[in-house]
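The values are calculated or read from the model by the stated rules, or taken from the named source; none is laboratory data. What you are looking at is a predicted structure, and each value in this text was computed from that prediction instead of being measured. Cβ sites come from the backbone with ideal geometry, for glycine too, and all protein chains shown count toward neighbours.
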Amino acid sequence: MAKYLMLKHYRGAPAARNDVMMDRWTPEEVTAHIQYMNDFADRLRESGEFVGENALSPEGLWVQYDGEGKPPVTDGPFAETKDLIAGWMIIDVDTPQRAIELAGELSAAPGKDGEPIHEWLEVRPLYGEPSLIED
Amino acid sequence: MPSTGADEPRLRRLTPEVLTVLVRRGADFAAAEDAVQDALLEAWRSWGTEPPRDPKGWLVTVAWRRYLDATRSEIARRRREDLVDAEPEAGPAAGTDDTLHLYFLCAHPALTPSSAVALTLRAVGGLTTRQIADAYLVPEATMAQRISRAKRTVSEVRMDRPGDVARVLRTLYLVFNEGYSGDVDLAAEAIRLTRQLAAAIDDPEVSGLLALMLLHHARRPARTAADGTLVPLAEQDRSRWDTGAIAEGVAILQLALSRDRLGEFQAQAAIAALHADAPSTGETDWVQVVEWYDELVALTDSPVVRLNRAVAVGEADGPRAGLAALADLDPSLPRFQAVAAHLHERDGDLARAATLYVEAAARASSTAERDHLTKQAARLT
């Protein structure tokens, strides 16, 4: 059993096959996309593999410590070139193969013309606990 | 966990017995298991400082009532009335065989490892869904689904056929090895469940697993430094090992080995016992450790075992021999770089060792392991 983070990107991932920005979809296409995402999460809840998810606003700032007694420095909005994460989902699965299978399913979410987006998702293992049996 | 005076471990020990009483009265496993869980929660709520004189009878009565309530439907009514007519009363005490069948059911081959673990902890261990969810850091709803799916999967399985002990042991091993996160001490729970299993079945491998758990559990106080960092075996303060657990583990292992039916858990426990016996890494009987690894390789042919064997060979016959033992193994194995780094360091090739420690840190599967390996690399550069 291990947990994996799946990351969706607004920018910074390799180009999707059906690479049309959401603001150029029809309202029905947007609805279908959201429905697919919700159904996907529901299936994982039902299978007992769901841990958490959230979509992220593209808005945000860089923040940095600026020394004792000074307020943090901020910089923003983000430059157009920044790799930008759109959302995350954490799953808890029995095998790495299962994590890949699920990411593949999520990448098939419909976009423009109701066709799968084929977007690239980032899949990252989370650190777990060190095992107790060590020799 | 509701904090009442109810003695939680004692209550949980009764779980499999109460469950088997319900199943023998004709309740289906999934519904009976839900009813027992309800009864346990009710006990925690209402017992306070004064538990009833007959806790098991109380639990059976409440669980049975819950079961009947839950199955109240048009279709179930006739069946329920038949069951009521059959008169529940105390019934014969659930024997060890019943408990054993529960273990088999919860580790059924149709279940994935994570489902088997969850179902075992609930139906045999008597933990609540919330406790199990906390221990595995998933939402309670997710764990509830995992458990109810597992119950559906095994619902058609009859409980009167012997199951696969190896699968039960594998499941308990997973519970133990996961360690301890959240409020529930999973390692201690795994020991309790393995002990209970050892009482129900005569099998040297069950004893082997119990010994293995006790011997590793004994090191636990020395395994983490005050700041929470991981202390590897070679650097542990062995005076902090739990000598009581070691003595018990060794005694159980000796008895198991005398049966002359060796299996992988006995062999693993034998290795742990050799470590437990040694005042330091330098004084460990590494030649015997290697011999036990040879037994393990013969039993399992697992690449992970071969990797650990290379470490022991390095100690017994020097780092060059260890590196030679490593040569045939696949570098994509977990911890391969960590082992290679250690052997190269002992062989005096510090630059190579440092590079390998960095690679090993990047491949670690826990932050504790990553931090330890990063410090090893930093020490050499």
May I ask you to verify whether B:Val168 is at pLDDT 95 or above, away from every other protein chain (no Cβ under 13 Å) and buried (at least 23 other Cβ atoms within 10 Å of the Cβ)? yes
Could you please let me know if B:Ala256 is closer than 30 Å to B:Leu197 by Cβ, in contact (Cβ under 8 Å) with a residue 12 or more places away in the chain and more than 14 Å from chain A (Cβ to nearest Cβ)? yes
Does the stretch B:217-240 contain at least one residue that is under 26 Å from B:Arg167 (Cα atoms), in contact with a helix residue (DSSP H, G or I) (Cβ under 7 Å, 6 or more places away or on another chain) and in a helix (DSSP H, G or I)? yes
Complete set of residues in the stretch B:96-119 that are farther than 18 Å from B:Leu22 by Cβ, out of contact with any Lys or Arg (no Cβ under 8 Å at 6 or more places or on another chain) and among the hydroxyl-bearing types (Ser, Thr, Tyr): B:Thr112
Look through B:Ala30, B:Ala39, B:Ala76, B:Ala35 and report the one residue that is under 30 Å from A:Glu46 (Cβ atoms), modelled with pLDDT under 90, surrounded by 14 or more Cβ atoms within 10 Å (Cβ to Cβ) and not acidic (Asp, Glu). B:Ala76
Return yes when B:Ala141 is at the interface with chain A (Cβ under 10 Å from one of its Cβ atoms), in contact with a strand residue (DSSP E or B) (Cβ under 9 Å, 6 or more places away or on another chain) and part of a helix (DSSP H, G or I) and no when it is not. yes
Single unsatisfied condition, B:Ala234 versus (1) at pLDDT 95 or above; (2) loosely packed, with under 13 Cβ neighbours inside 10 Å: (1)
Which ones in the stretch A:101-135 are part of a loop (DSSP other than H, G, I, E, B) and within 14 Å of chain B (Cβ to nearest Cβ)? A:Leu126, A:Tyr127, A:Glu129, A:Pro130, A:Ser131, A:Leu132, A:Ile133, A:Glu134, A:Asp135
Would you be able to tell me the number of residues in the stretch A:45-54 that are out of contact with any Leu (no Cβ under 7 Å at 6 or more places or on another chain), outside any loop (DSSP other than H, G, I, E, B) and touching a residue at least 40 places away in the same chain (Cβ under 8 Å)? 1
Scan the stretch B:189-223 for residues that are within 11 Å of the chain's Cα centre (by Cα), more than 14 Å from every other protein chain (Cβ to nearest Cβ) and of a type in the set (Asp, Glu) and report the count. 0
Residue satisfying all of: in the stretch A:54-97; charged (D, E, K, R) and more than 11 Å from every other protein chain (Cβ to nearest Cβ); surrounded by the fewest Cβ atoms within 10 Å (Cβ to Cβ) among these: A:Glu68
Residue within the stretch A:22-31 that is more than 20 Å from A:Val123 (Cβ to Cβ), acidic (Asp, Glu), away from every other protein chain (no Cβ under 14 Å) and buried (at least 16 other Cβ atoms within 10 Å of the Cβ) present: yes
Residue check: is B:Gly228 away from chain A (no Cβ under 14 Å) and either out of contact with any Leu (no Cβ under 7 Å at 6 or more places or on another chain) or touching a residue at least 60 places away in the same chain (Cβ under 8 Å) (or both)? no
Qualifying residue in the stretch B:86-97 (condition: closer than 24 Å to B:Gly163 by Cβ, in contact with a helix residue (DSSP H, G or I) (Cβ under 8 Å, 6 or more places away or on another chain), at pLDDT 90 or above and not hydroxyl-bearing (Ser, Thr, Tyr)): no
Please verify whether the stretch A:61-72 includes one or more residues that are part of a strand (DSSP E or B) and within 20 Å of A:Leu7 (Cβ to Cβ). yes
Has the stretch B:287-299 got any residue that is in a helix (DSSP H, G or I), farther than 30 Å from B:Thr243 by Cβ and at pLDDT 95 or above? yes
I'd like to check something: does the stretch B:306-316 contain any residue that is within 12 Å of another protein chain (Cβ to nearest Cβ), under 20 Å from B:Met213 (Cβ atoms) and assigned to a loop (DSSP other than H, G, I, E, B)? no
Report, by residue number, each residue of the stretch B:197-210 that is within 18 Å of B:Leu14 (Cβ to Cβ) and surrounded by fewer than 18 Cβ atoms within 10 Å (Cβ to Cβ). B:Ala199
